[in-house]
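Student: Mind looking over this structure? Questions follow.
The values are calculated or read from the model by the stated rules, or taken from the named source; none is laboratory data. For clarity, every value in this text was computed on a predicted model and none was experimentally measured. In this analysis, Cβ positions are derived from the backbone assuming ideal geometry, glycine residues included, and neighbour counts consider all displayed protein chains. All accessible areas refer to the heavy atoms of the entire protein, side chains included, with ligands and DNA or RNA removed. Shrake-Rupley method; radii C 1.70, N 1.55, O 1.52, S 1.80 Å.
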Amino acid sequence: MHSWLHAVSCGGEELRMLLLLRGNTLPNGDVYVGNFAGLVPHGFGKYMWTDGTLYYGEWDTSKMTGRGVIQWPSGASYDGDLCGGFIDGTGTFKGVGGSVYKGCWRMNKKHGMGTMVYANNDTYEGLWNEGLPDGFGKYVWAGGNIYIGNWKSGKMNGRGVMQWTNGDTLDCNWVNGLAHGKGFCKYASGACYIGTWDRGLKDGHGMFYQPGSKMPCNLDVSECLTDHDVSSASSSANENISSGLLFLFQKLCNTWRLRSLFHWHSRISNGTTPVFDDNSGNNLSQDSSTEPLATDECVQDSGVDKVLVYEREYVQGVLVSEKPKCHDSGMLDSGKTQEHTWQKQARGPMETIYKGHRSYYLMLNLQLGIRYTVGKITPVPLREVRSNDFGPRARIRMYFPIEGSQYTPPHHSVDFFWKDYCPMVFRNLREMFHIDAADYMMSICGDDSLKELSSPGKSGSIFYLSQDERFVIKTLRKAELKILLKMLPKYYNHVRAYDNTLITKFFGVHRITLKGGRKVRFVVMGNMFCTELRIHRKYDLKGSTQGRSTKKQNINENTTLKDMDLSYVFHVDKPWRDALFRQISLDCMFLESQSIIDYSMLLGIHFRAPYHLKTSSSHESSLERCGIPDSDLLQYEEKSSWKGFLLVAHEPGTTVGGSHIRGSMVRASEAGYEEVDLVLPGTGRFRVQLGVNMPARAQKVRVDMNTELENPDTIEEYDVVLYLGIIDILQEYNVSKRVEHAVKSLKFDPLSISAVDPNSYSKRFVKFLESVFPEQD
């Protein structure tokens with residue numbers, strides 16, 4: 001018997017002729033030459049299929065198993081392990097165009113550690129899953145750009161570092177091939193930008209450090225991408241892939257000093273040969289924002305060592321404001337306060353709850369209880385709520401011991417008692433708002449942990465967020481729980497009657513009692529900011545003026561501002577404005593009937609980049625990415641004449657999904673009073689509803705006392721997308737509020753304070769919002 005290594009030396013055509021002359025032709029037309037076990041191939045043999053594909057190697061009872069070589073008629077070939085008729089193990093695949101993959105396989109797909117050299121000379125070395133880069137890996141473009149970091153389903157996803165050939169380096173989080181989140185960019189010139197990216201573009205607040213500036217913490221990432229590391233990793237790729245990547249991974253872990261970082265746009269195509277596409281330029285140095293806009297006031301003095309820093313704000317890659325900041329280097333060197341402050345700010349407004357976190361066991365208890373309650377109530381046939389569904393007997397009580405019981409599973413938390421209030425009412429509310437029970441449980445009680453907001457509310461309440469950010473969980477005081485249960489029947493009727501209500505959506509109320517008698521009450525609500533768009537500004541508007549401003553030193557990009565901080569008015573389409581204030585009036589009438597005060601309008605603003613700063617070519621390419629063909633561009637441009645937005649006729653199933661799916665759509669006068677979708681080039685297509693995805697024009701009416709705009713070409717108007725809803729509706733006008741009103745009235749204007757009677761509060765609230773959303777001439 002010839003060895004399979006000898007068979008490899010035969011050319012493909014020569015082997016085919018050999019098989020046809022000496023082989024056994026099977027009934028299906030295939031040809032086999034080799035050893036048999038009974039009537040099936042077993043041992044070493046050569047097999048040719050009718051389509052011309054050849055295999056020579058080892059067999060095990062009619063299955064290709066062991067070492068072997070496959071040659072396809074197209075010219076592609078595989079040399080390596082097989083198991084059960086599949087490419088499985090380690091081996092080398094050579095493609096038709098010259099691409100080569102060497103590494104691990106599973107069931108005919110690249111899986112595990114491997115190195116791929118593409119036909120265009122790009123290379124990827126790292127982990128694979130189901131045929132795509134997935135896990136930690138290193139990608140080197142033919143032009144010399146390098147990415148080292150995490151991948152998911154063939155795209156850069158997770159933490160990673162991109163280095164361009166000019167020496168610029170970007171260290172950030174990535175989503176679907178785009179830099180998305182917080183990170184820092186170190187330029188070859190020595191400058192550094194620390195900020196936030198959104199779908200590959202700078203978006204939001206950030207800090208720009210000029211070359212030579214001292215930074216509050218060590219942000220050096222370039223040492224993990226030195227020529228020595230790259231060359232040594234590349235040379236060892238074929239011999240020791242695992243150890244090479246482990247070395248790189250350890251260096252990255254030791255070098256990355258920030259846990260939460262910021263964003264830039266680079267993408268791998270979906271084709272078999274990845275192609276790098278940076279639609280903002282070939283490299284970071286071509287971004288004009290690497291040079292400061294203003295250099296007055298702060299300069300580098302040769303005699304005194306100064307740190308020259310610029311605080312910047314971007315909107316979809318466009319620099320809209322810049323404020324120079326000067327710091328004495330000695331201050332930075334002598335104290336750790338600024339480093340601590342930076343690290344605290346870098347973590348962002350929330351943190352994922354981990355084992356050992358102060359809220360860890362509370363989170364486990366909450367998830368166990370909700371899973372139990374929803375699982376118990378869901379099989380009950382849906383019916384109309386009755387009066388006794390709101391009563392004191394409408395409760396589910398259960399004890400959850402660690403070891404489990406007849407009704408509860410064992411768990412890894414602590415013993416606790418669980419109480420669920422009005423389960424049938426909230427089950428119907430979830431159905432009313434189209435919240436699927438399985439999705440509800442997976443969002444809150446799935447494998448992912450909840451996130452805790454880092455700054456609790458003024459009332460002392462703590463807020464948690466589900467990982468998909470669809471639901472907000474807030475702790476309640478006992479008095480707030482009583483008010484909610486008292487108003488629940490009227491609340492239920494109100495939200496059922498008005499599907500466009502702006503009032504907070506409640507999905508469940510629960511209580512956990514721990515050993516020792518400590519009781520923690522929760523309410524689950526919808527997150528009105530659950531959107532793919534970045535919310536650049538948040539305002540909490542009550543209509544009062546006393547104490548309704550934010551101290552400048554307390555403001556950062558996560559701050560929720562107040563009435564006196566608002567420096568814009570918003571112009572919306574007339575039918576939308578009419579519908580908005582019609583609903584606000586109805587909601588205020590309901591709250592007034594329940595003697596509720598201190599509620600506020602939570603306003604979220606997404607700014608669009610100024611249209612005149614965008615090139616027409618980039619605008620049209622963005623439209624094509626939104627699925628709008630060239631032939632339809634003209635008609636969409638005509639419909640989008642209203643304030644520069646693209647408003648198109650609504651088409652079911654074409655809009656970006658979200659949690660805001662209940663409620664009728666609003667109609668636009670500019671679109672012939674049709675129901676419309678909002679198309680945001682480069683982002684997506686959104687369903688326009690009352691208070692959700694509402695396009696508007698923001699006009700600056702006074703100087704913002706908390707923001708200094710140093711750009712001489714300051715833009716006074718913006719296209720914006722608005723999100724708004726009425727929150728904090730659990731404060732009655734009780735005796736304590738009457739006393740507060742009386743005491744404060746002695747010192748301040750009675751109309752300027754928040755604590756007024758419900759009727760006055762409602763009128764003032766509506767009047768203030770009418771000034772924020774003025775009628776158009």
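Student: Need a quick list: strands (runs of 3 or more DSSP E) entirely within segment 403-480 having at least 1 residues that are open to solvent by 60 Å² or more (accessible area, probe 1.4 Å) and modelled with pLDDT of 90 or more.
Tutor: 416-421
Student: On to the next question. Among the residues of segment 44-92, write down those that are surrounded by 16 or more Cβ atoms within 10 Å (Cβ to Cβ) and touching a His at 6+ places or on another chain (Cβ under 6 Å).
Tutor: Hit for segment 44-92 is 59, nothing else.
Residues checked against (1) assigned to a loop (DSSP other than H, G, I, E, B); (2) in contact with a Pro (Cβ under 7 Å, 6 or more places away or on another chain); (3) modelled with pLDDT of 85 or more; (4) among the hydroxyl-bearing types (Ser, Thr, Tyr):
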{"position": "670", "(1), (2), (3), (4)": "no, no, no, no"}
{"position": "678", "(1), (2), (3), (4)": "no, yes, no, no"}
{"position": "696", "(1), (2), (3), (4)": "no, no, yes, no"}
{"position": "703", "(1), (2), (3), (4)": "yes, no, no, no"}
{"position": "724", "(1), (2), (3), (4)": "no, no, yes, no"}
{"position": "729", "(1), (2), (3), (4)": "yes, no, yes, no"}
{"position": "738", "(1), (2), (3), (4)": "no, no, yes, no"}
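Student: What pairs can you find where one residue is in segment 740-764 and part of a helix (DSSP H, G or I), the other is among the acidic types (Asp, Glu), and their Cβ atoms are less than 7 Å apart, with a gap of 6+ or different chains?
Tutor: 758/592; 759/592; 762/592
Student: In addition: Is it the case that some residue within segment 727-745 is open to solvent by less than 30 Å² (accessible area, probe 1.4 Å) and farther than 29 Å from residue 486 by Cα?
Tutor: no
Student: Please verify whether residue 516 is free of Cβ contacts under 8 Å to residues at least 12 places away in the same chain and assigned to a loop (DSSP other than H, G, I, E, B), treating the condition exactly as stated.
Tutor: Considered against the rule, which asks whether it is free of Cβ contacts under 8 Å to residues at least 12 places away in the same chain and assigned to a loop (DSSP other than H, G, I, E, B), residue 516 comes out as yes.
Student: Considering each residue of segment 182-193, count those that are in contact with a Phe, Trp or Tyr (Cβ under 7 Å, 6 or more places away or on another chain) and either open to solvent by less than 20 Å² (accessible area, probe 1.4 Å) or part of a loop (DSSP other than H, G, I, E, B) (or both), and give that number.
Tutor: Residues in segment 182-193 being in contact with a Phe, Trp or Tyr (Cβ under 7 Å, 6 or more places away or on another chain) and either open to solvent by less than 20 Å² (accessible area, probe 1.4 Å) or part of a loop (DSSP other than H, G, I, E, B) (or both): 6 in total.
Student: What tally of residues in segment 19-29 results from selecting those that are modelled with pLDDT under 50 and surrounded by 12 or more Cβ atoms within 10 Å (Cβ to Cβ)?
Tutor: Of the residues in segment 19-29, 2 are modelled with pLDDT under 50 and surrounded by 12 or more Cβ atoms within 10 Å (Cβ to Cβ).
Student: Oh, and also: Kindly list, by first and then second residue, each pair from a residue in segment 74-88 that is closer than 16 Å to residue 131 by Cα to a residue that is part of a strand (DSSP E or B) and of a type in the set (Lys, Arg), limited to pairs with Cβ atoms under 6 Å and residues at least 6 apart or on different chains.
Tutor: 88/106
Student: Using the structure shown, decide if residue 152 is at pLDDT 90 or above and under 16 Å from the mean Cα position of the chain (by Cα).
Tutor: yes
Student: Another question, if that's okay. For residue 196, state whether it is of a type in the set (S, T, N, Q) and open to solvent by less than 10 Å² (accessible area, probe 1.4 Å).
Tutor: Here the answer is yes, as residue 196 does meet what is asked.
Student: Does segment 364-381 contain at least one residue that is at pLDDT below 90, surrounded by fewer than 11 Cβ atoms within 10 Å (Cβ to Cβ) and either under 18 Å from residue 511 (Cβ atoms) or charged (D, E, K, R) (or both)?
Tutor: no
Student: Continuing with the same structure: Go through 157, 145, 173 for me and flag whichever is out of contact with any Gly (no Cβ under 7 Å at 6 or more places or on another chain), open to solvent by 30 Å² or more (accessible area, probe 1.4 Å) and polar (S, T, N, Q).
Tutor: Going through 157, 145, 173 in turn, the sole match is 157.
Student: Name the one entry in 501, 531, 513, 550 that is farther than 30 Å from residue 325 by Cα and in contact with a helix residue (DSSP H, G or I) (Cβ under 6 Å, 6 or more places away or on another chain).
Tutor: 501 is the lone residue from the list that is farther than 30 Å from residue 325 by Cα and in contact with a helix residue (DSSP H, G or I) (Cβ under 6 Å, 6 or more places away or on another chain).
Student: Among the residues of segment 380-413, what is the count of those that are under 20 Å from residue 436 (Cβ atoms) and under 33 Å from the mean Cα position of the chain (by Cα)?
Tutor: The total comes to 0.
Student: Now for a different question. Quick check, is residue 32 over 30 Å from residue 113 (Cα atoms), at pLDDT 75 or above, of a type in the set (Phe, Trp, Tyr) and open to solvent by less than 60 Å² (accessible area, probe 1.4 Å)?
Tutor: yes
Residues checked against (1) within 22 Å of residue 607 (Cβ to Cβ); (2) in contact with a Gly (Cβ under 8 Å, 6 or more places away or on another chain); (3) of a type in the set (A, V, I, L, M, F, W, C); (4) at pLDDT below 95:
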position	(1), (2), (3), (4)
494	no, no, no, no
500	no, yes, no, yes
518	no, no, no, yes
524	no, yes, yes, no
530	yes, yes, yes, yes
533	yes, no, yes, yes
537	yes, yes, no, yes
540	yes, no, no, yes
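Student: With the checklist (1) of a type outside the set (Val, Ile, Thr); (2) touching a His at 6+ places or on another chain (Cβ under 8 Å); (3) open to solvent by 30 Å² or more (accessible area, probe 1.4 Å); (4) modelled with pLDDT under 80 in hand, flag the one item residue 687 doesn't pass.
Tutor: The one condition residue 687 does not meet is (4).
Student: Of all residues in segment 98-119, which are out of contact with any Leu (no Cβ under 9 Å at 6 or more places or on another chain) and open to solvent by 60 Å² or more (accessible area, probe 1.4 Å)?
Tutor: 102, 106, 107, 108
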